[in-house]
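First up is the structure itself, then whatever we jot down about it.
Read-outs: derived from the displayed coordinates by stated rules, not from any lab. Keep in mind it's a predicted model, so treat the numbers as computed, not measured. So basically every Cβ, Gly included, is an ideal-geometry build from the backbone, and we count neighbours across all protein chains shown.
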Amino acid sequence: MAWPTLMRASCLGTWLLLAFATALVPAAVAQQRGDPVGPAAGAAPAADADATADATADATAAPAAGRVLPDASAVAPPPGIRERFDVTFDRVVAKLVGLAASLPLLMAALVIVALASWLGGFVSRRLHLLRLRTDNPYMNGLIRNVVRVLIVLFGVLLALDLLNATALVTAVLGSAGVVGLVLGFAFKDIAENYVAGILLSLRQPFSPGDLVVIDGNEGRVVALHSRSTVLMTLDGNELRLPNALVFKAIILNYTRNPKRRFDFAVTIDPAQSIQQAQALALGQVARIDGVLTDPGPSWTVQEFTPAGLVLRFFGWIDQRHSDLGKVRSEAIRLVKAAYAQADIESPRTTYHLRMARDTEDAGPPRSPEPAHPVNADTSVNRDIDEQLAHAQQAADAGTNLLEPGTDPR
C-alpha cells in the first residue's frame, strides 16, 4: 500500500478513536463515580443537602488524609509526534482547499493580464490613432514602449486587486525602488549615455553623412545608437564616441550650412604693389569653377613686416557641388602662376647679384605654371562615400536614431 494511503488511513483511524474516546470517556467516569448512566439518570432523585455536604467534606479532607493531587502537567501531557503530524496535515489540507477555492479568481486574474499584454501591443503599434506618432523614429519607439508598459501595469494591478493582494503591490514597488536605486548607481555611465542618446535624438545636431568635429575628432556621421555615436574618419576608420561625451562636447558641423569659406595666404615682397597683387589674385580666384559669386572672393592685408607683405584671400563654395580642398588648391596654383607672369615676387631671405643681360637675349618672362585653368577637378571628394554607405547599412537595423525612415521597436 502506498504511503499516502497509509497516511490517510492512520489519520482517519486517529480521528475515529478520538471521536469514540470523546463519547465514551464521560460515561466511564460517571460509572466509576457511581452516577446513573442512561435514561435512569434522568429519573433518579437529585442528591440531598447532606450527601452534598458529605462529598464536600470528603473532598476537603482528602489532602489532609495524605492523598496527593495530580500535577497539572500530568493532567495535560505534551502532544506527541502523531498529534503534531495531524495538526500539520490539517493545516496543509486547509491551505490546499483554500487554493482550490481561489482557482477561479486566479484564472480570471491571468486572463486579465493576458488581455492587458495584448492590448498594450495592439495600441503601441497604432500610435497614429492616438496622435502620438512623431517624425523622430527613436521617440516613436520610446513612446511605444511607455504605452505598452503602462497598459500591462494597469492590468497587473487590476488582477492583484481581484486577488486581494494589493499589499503585495506596495511591497513589490518598495523593493523595485531599492533595486532601481542600486542599479542606478552601478550602471550610472550606461544610464547617462542612454539619456544623452534620447536628448541627442530630440535635438539632432547632425544627420547621417554630415562632416563634424566632436571633441577634436573629425569624421562623417554614420549612425546614432542608444549608447554611442558612430563616426567614420576621413581616412576610413570607424570611431565610436559615448553619447554622454557627444552631448557635452563642442560640435562643429561643416555640412549643416552648404556654403563654406576657404582661405589662403600669400607673402609678397614689400616693394611690390598691394593693389596690383590683390586685384590679380581676386581675378584668378573668381575664374575657378565652383567659387561662388555671392558672396564673392575677398581679401585683406594680414600683416606687414620687414620680411614681406602677407595677403590673405577668401572664397566661398557650395559643398554640395564642390570640394573645399580641391578648390583651395586650384586657387593657390592660379595665383602663383599669375604672380609669376606679373613679376610679383616673394620676399627673398638672401641677397644675390643679378648680372646685366642684353635686351635682345632677354625673352618674355617664363612661368613654370600655365596662366589659365587646365581642367582642374573641383568636384566633391567622394573617397570615403562607399565606405560610409557600407557602414550605415551595417548599423543595427532600427537603432539608428538619426535615420528618418527607421522605426525601432
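Which of the lysines could a cross-linker bridge to LYS259, judged by Cα under 23 Å and excluding same-chain residues fewer than eight apart?
Once the sequence-local lysines are set aside, what remains near LYS259 is LYS326.
Only Cα pairs under 8 Å and at least 6 apart count here; give the relative contact order of the stretch 259-341 as a rounded whole percent.
Rounded, it is 42 percent for the stretch 259-341.
Could you calculate the FRET efficiency of THR170 with VAL213 from 1/(1 + (r/R0)^6), where r is the beta carbon distance between them and R0 is 45 Å, rounded to 0.05?
So the FRET efficiency works out to roughly 0.30.
Is the C-alpha gyration tensor of the stretch 168-276 telling us rounded, prolate or oblate? Criteria: a/c under 1.5 is rounded; beyond that, a/b larger than b/c is prolate, otherwise oblate.
prolate
Hey, can you rank 87-95, 271-279 by average C-beta count inside 10 Å, highest first?
271-279, 87-95
Mind putting a number on the dipole of the stretch 259-341 about its Cα centre? Charges go on the C-beta only, +1 for Lys and Arg and -1 for Asp and Glu, and I need it in Debye to the nearest 20.
With only Lys, Arg, Asp and Glu charged at Cβ, the dipole is about 200 debye.
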